[in-house]
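The values are calculated or read from the model by the stated rules, or taken from the named source; none is laboratory data. Fair warning: this is a prediction, and the values are worked out from it, not measured in the lab. Neighbour counts are summed over all protein chains in view; Cβ atoms, including those assigned to glycine, are modelled from backbone coordinates with ideal geometry. Note: areas computed on protein heavy atoms with side chains; ligands, DNA, RNA excluded. Shrake-Rupley method; radii C 1.70, N 1.55, O 1.52, S 1.80 Å.
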Amino acid sequence: MDAVTLYVRDIDAMVEFYTKVISLNVIEGNGRTSAANDKREGVVTLGRGTTPIMVLRHEPNLPFAQSGQAGLFHTAILFESKAALAAVIVRVAKLAGSLYTGSADHLVSEAFYLNDPEGNGIELYWDRPRDQWSWDGASVVMDSLWLDPNKFVQEHVTQEALDAPEAEEAKVGHVHLQVGDTKAARTFYVDALGFEATSEMPGALFVAAGGYHHHMAMNVWNSRGAGPRASSLGLGEVSILVPNNDEIAALSDRLKLGGFSSHHDGAALHFEDPWKNKIAVSVG
């Protein structure tokens with residue numbers, strides 16, 4: 001998974017939030033994706049080091065997304081250590097406590113949730129080592145158990161991480177979408193895109209590549225029956241990296257076979273899911 005593009009109304013406030021609260025830094029595009037290399041005025045790429053995580057695109061004339069609309073559920077930022085994650089949780093508590101929405105132990109990971117100032121969901125998480133994950137056949141075992149945020153911070157935060165929370169690498173671990181129907185999501189994300197289904201629960205589908213617990217998820221918890229998205233603030237584009245151009249060609253063929261249109265602009269293959277959530281796939 002690569003940078004997620006958000007259409008935002010107040011780009012200055014959003015840059016301030018993601019730099020001060022989430023401890024991302026403004027970066028230049030590093031050549032990996034078209035989104036992260038967008039040089040137009042009103043586009044800011046944020047990340048850790050040279051790794052793009054969020055691309056903010058100023059679209060002040062767009063309306064806010066309507067309740068029940070398909071789109072972004074959350075962008076999940078994966079941290080390399082518990083100390084780095086705990087340091088950002090402290091910043092959330094100090095600077096944006098009203099935006100915090102909860103936490104959970106998912107067995108494969110420990111996660112904390114909040115919204116940004118324009119209502120876009122964010123997950124901040126750390127993965128347990130893969131040898132600690134449990135599988136039931138092809139399905140990874142996940143749950144949502146109580147996770148005490150105060151205890152997590154007390155046990156794992158360090159002064160070094162507090163002093164320089166941006167020093168450690170982080171990246172987009174997964175992207176969770178709101179869709180209208182999980183069966184149609186399976187047809188698109190598994191059959192056409194080529195992800196493997198790794199877990200299902202009432203109203204939600206989780207998919208991944210390479211044995212990960214999930215790179216993407218789709219749920220209908222707030223959007224059951226939703227049709228194609230209207231133009232709005234929020235999710236602009238989900239960006240995915242693949243190893244080589246052969247993968248791009250195979251994906252293009254699968255999309256065509258499934259009846260989904262796509263186009264390649266020289267940097268990435270662009271297409272939409274059945275709810276008009278935009279996706280770009282490029283070689284990384």
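Rounded to the nearest 20 debye, the dipole magnitude of the stretch 39-189 is 420 debye, with +1 charges on Lys and Arg beta carbons, -1 on Asp and Glu beta carbons, and the Cα centre as origin. Computed from the alpha carbon positions, the gyration tensor of the stretch 158-248 leads to an equivalent ellipsoid with semi-axes of 28, 19, 15 Å, biggest first. Looking at the stretch 128-235, send over the antiparallel percent of its DSSP beta bridges, to the nearest 5. Bridges in the stretch 128-235 are about 75 percent antiparallel. May I ask for the distance between the Cα centers of the stretch 82-113 and the stretch 177-218, given as a whole number of Å? Computed from Cα coordinates, the inter-centre distance equals 25 Å. Relative contact order for the stretch 200-284: 27 percent, from Cα pairs under 8 Å spaced at least 6 residues apart, divided by residue count. Helix content alone sets the calculated 222 nm mean residue ellipticity of the chain: runs of n ≥ 4 DSSP H residues at -39500 (n - 2.57) each, divided across all residues, give -5500 deg cm²/dmol. Sparsely packed loop sites in the stretch 150-224 (the trypsin sites (Lys or Arg not before Pro) outside DSSP H, G, I, E and B with at most 14 other Cβ atoms within 10 Å) comprise Arg224. Counting heavy atoms of the protein chains alone, Glu168 has an accessible area of about 50 Å² for a 1.4 Å probe.
All C-alpha pair distances within the chain, sorted into 10 Å bins from zero, spread as 6, 29, 38, 23, 4, 0 percent across the bins. Rolling a 1.4 Å probe over the heavy atoms of the protein chains gives the chain an accessible area of 45 Å² per residue.
Rounded to two decimal places and with Rh computed the Kirkwood way over Cα pairs, what is Rg over Rh for the stretch 78-157?
Rounded to two decimals, Rg/Rh equals 1.00.
Pairs of Cα atoms nearer than 8 Å and 6+ residues apart set the relative contact order; for the chain it is 23 percent. Partners of Lys171 within straight-line reach, counting lysines whose Cα lies under 30 Å from its Cα and excluding those fewer than 8 residues away in the same chain: Lys20, Lys39, Lys82, Lys94, Lys151, Lys183, Lys276, Lys278.
The accessible area of Ser134, taken with all protein chains in place and a 1.4 Å probe, comes to roughly 60 Å². Stokes-Einstein diffusion coefficient for the stretch 113-157 at 4 °C in a medium of 1.567 mPa s, Rh from the Kirkwood formula over Cα pairs: what value in µm²/s? Estimated diffusion coefficient is 96 µm²/s.
Its Cα gyration tensor gives the stretch 198-284 an equivalent ellipsoid. The semi-axes, each the square root of 5 times an eigenvalue, are 23, 18, 12 Å from largest down. What a 1.4 Å probe finds exposed on the stretch 226-274 is 51% carbon and sulfur by accessible area, rounded to a whole percent.
In this rough spin-label picture, where each label sits 7 Å from Cα along the Cβ direction, the Ser261-Val141 distance is 4.7 nm.
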